[in-house]
There are 2 protein chains.
Amino acid sequence: MSGARKIYTMPGPLRMYRGGCSLSRVDVAYETWGELNEARDNAILLFTGLSPSAHAAASRLDPSPGWWEEMIGKDHPIDTRRYFLICMNSLGSCFGSTGPASVNPDSGEPYRLDFPVLSLEDVARAGKELLRGLGITKLAAVMGASMGGMTALAFAVKFPTVAEAVVSISGAARALPFAIALRSLQREIIRSDGAWNRGSYPLGAGPVRGMQLARKLGMITYRSSKEWQLRFGRERIAEERKTGDAFAIDFEVEAYMEAHARKFTGQFDPNCYLYLSRAMDLFDLGDHGGSVEAALGRVRAKRALIMGVETDFLFPLFQQKEIADGLEAAGLDVTFAGLDSLQGHDAFLVDMDNFRPRIGEFLA
Amino acid sequence: MSGARKIYTMPGPLRMYRGGCSLSRVDVAYETWGELNEARDNAILLFTGLSPSAHAAASRLDPSPGWWEEMIGKDHPIDTRRYFLICMNSLGSCFGSTGPASVNPDSGEPYRLDFPVLSLEDVARAGKELLRGLGITKLAAVMGASMGGMTALAFAVKFPTVAEAVVSISGAARALPFAIALRSLQREIIRSDGAWNRGSYPLGAGPVRGMQLARKLGMITYRSSKEWQLRFGRERIAEERKTGDAFAIDFEVEAYMEAHARKFTGQFDPNCYLYLSRAMDLFDLGDHGGSVEAALGRVRAKRALIMGVETDFLFPLFQQKEIADGLEAAGLDVTFAGLDSLQGHDAFLVDMDNFRPRIGEFLA
């Protein structure tokens, strides 16, 4: 566990957005960088993608590199001399926040599939509750990429006057059927692994193979065909790395996927993955006011930075354009950036040359 | 079994392109439409994609509709009053041609994983042997789509003077790493199903769940995000169709995939699927002469029709352009058609309004 991780326990139950039930005890794990100013108005709330923890960057208490290391710090785009950054582990995840792998106080056992249906609206609300706990009523910005970009929009629509700026990167106002099909298949692959056992696996173990296969499918959709052509081409693996198994891997691109899938396994709880993945499918800003346009029309932030990447086929660029147009119609000062990064959906994690200056300028 | 299916048994063994071994007895299943003319020069040899049988269209002996029904017949683009069409079930498949599900004459048992490594060059050679059996030395055209489009190119390069024309639709001169990753994952999903049992399942049964999941992944890659947005959007399934299972399907796009995956299961032998899928990954025309350009430079056909579809992300349009450019450099009269069909890689099976006139004109 990260030494920088703090836990906020909500004073009361959290009413879930769907399903008509509540979570009786809710922990929210988070980390912070920088200092909250006297006016308490320099905070940025950062929502993550599906799999990261709250450890977005190194700090004194946890010097290990975070998932957005190059974006956060002194003289970095999210400048911690100016801003008080809060990164939150999503509700439903397994890195300190309450989720399906947490113990249900009513039963003394992990929730597993008894966890209620999770929506990104619940993740956004948990973020709002965390702010209450920290005594923050105004944000300089709410921010996120991928699932976090969706959650940042949910936050801005549900709590329209809290954030002065909205930064949504490679996000979407609603899940497309193509993305739903891909995530649905990932979930089915996990559920098809006998070790899943309808969610009742020993925590920390479970459907290892299913998680690896689902992760591989994720990786294929997070990058771009063009990048892989340049990186791997048709390069074969060396003879001595071959296993002799029938249909074992031949190509470098297969070895790359295998290595990354193995790294992922054991880090992420399978039931949490299922809940967060479905929350993305269920997300539709149109639920708030009848249409995406109407929902975005509620946002009272002043400015927005909406970014996307041309090679992203999971969250295609027209989805970010839809967000930008909706916020512009709502009267926000919108900066839209459609980048030509090679790395597809994951570009915000790796293409720092393109992302850093845009985010830095917007927050300057 | 189709009443129209004929079997040609090769008079001797077939030496495989890779692995230095031979198949001692080779059957090739095929169907024909139209009549071979006196000059024996009006035949078209049609190679299929990964999963179809030789039953490309209805005939007197088998009136059930074929997989390319609207393309074949009197007054159809492949006009059977003029041409003698031969469609061949690929070597390695399970619809009459010798493959991993066939009995190995040396052991009396099915080959299963003892089947030698299959290459599309072997499929092309089996086609050439079939022509020999039919007493045909010249073709009016060699033709195919998807895997069949790759095989048609392999045929045209290996037997450069046989076909007067080449028609390659949504094919490629070599597999890209993105497509390799997707097919590799499909194979791993099948192999991860315990019922696969390293290939030793009861024929006709086996890894049903793995095949369904692999089929779903295939379907996602065969169509386009744009098409699914128009067809399904975020439509939910009716309450009464819900199963009550945790994480069972919510959306119409999921129900569509489930129905198609179930239809596929039991039709296709899992080991045959593994062999044919890998053959596509291994395919690289550059193996013939050092580069794709050099390989295509060998082709002595007079004309070529090279088609592709803008929404195809499995066999992207630039791959068909590469083929067209290579054949043009080789001196062929090349017609290149990059279509704006919505249906992605599968468009040749469904977007008849776009495909029929182009193929009809070329063959007229």
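Rule-based calculations on the coordinates, nothing more; no lab input. Here the structure is a predicted model, which means the values were calculated and not measured. Cβ placement follows ideal geometry from the backbone for every residue including glycine, while neighbour counts extend to all protein chains displayed.
Listing B:98, A:335 from fewest to most neighbouring C-beta atoms within 10 Å gives A:335, B:98.
The lysines within cross-link reach of residue B:6, meaning a Cα-to-Cα straight distance under 21 Å and a gap of 8 or more places when in the same chain, are B:128, B:138. Please label the shape of segment B:112-214 as rounded, prolate or oblate, based on the square roots a ≥ b ≥ c of the eigenvalues of the alpha-carbon gyration tensor (a/c under 1.5 means rounded; beyond that, a/b larger than b/c means prolate, else oblate). Prolate.
In percent, rounded to a whole number, the relative contact order of segment A:65-131 is 17, using alpha-carbon pairs under 8 Å and six or more apart. The ratio of the alpha-carbon radius of gyration of chain A to the globular-protein estimate 2.2 N^0.38 Å is 0.97.
Listed as lacking a disulfide-compatible partner in the protein assembly as shown: A:21, A:87, B:21, B:87, by the criterion of no other cysteine Cβ under 4.7 Å. May I ask you to work out the translational diffusion coefficient for the protein assembly as shown at 20 °C, viscosity 1.002 mPa s, via Stokes-Einstein with Rh from the Kirkwood sum over Cα pairs, reported in whole µm²/s? Rounded to a whole number, D works out at 78 µm²/s. This model, with +1 at the C-beta of Lys and Arg and -1 at the C-beta of Asp and Glu, gives segment A:179-273 a dipole about its Cα centre of some 340 debye. From the alpha carbon centroid of segment A:86-129 to that of segment B:143-179 is 52 Å. Counting neighbouring beta carbons within 10 Å and listing from fewest to most, the residues B:88, B:280, B:257 come out as B:280, B:257, B:88. Using the Cβ-Cβ distance between residue B:106 and residue A:267 with R0 set to 45 Å, the FRET efficiency works out to roughly 0.40.
Exposed loop sites are taken as GluC sites (Glu not before Pro) in a DSSP loop (any state but H, G, I, E or B) with at most 14 other beta carbon atoms within 10 Å; the longest stretch of chain B without one runs B:39-234.
Spatial offset of segment A:36-83 relative to segment B:299-325 amounts to 48 Å, using the alpha carbon center of each. Going from the fewest other Cβ atoms within 10 Å to the most, the residues B:117, A:26, A:142 appear in the order B:117, A:26, A:142.
The DSSP beta bridges internal to chain B are antiparallel in roughly 30% of cases. Bridge orientation summary for the protein assembly as shown: considering DSSP beta bridges with both residues in this region, about 30 percent are antiparallel.
Relative contact order for segment A:179-273: 32 percent, from Cα pairs under 8 Å spaced at least 6 residues apart, divided by residue count. Normalised by the number of residues in chain A, the mean separation of alpha-carbon contacts (under 8 Å, six or more apart) gives a relative contact order of 18 percent. Computed as a quarter of the hull surface, the mean projected area of the alpha carbon convex hull for segment B:179-273 stands at 7.1 nm². Extending 7 Å from Cα along the Cβ direction at residue A:361 and again at residue A:239 yields two label points whose distance is 5.4 nm. Counting only the Cα atoms, segment B:31-165 fills a convex hull of 117 Å³ per residue.
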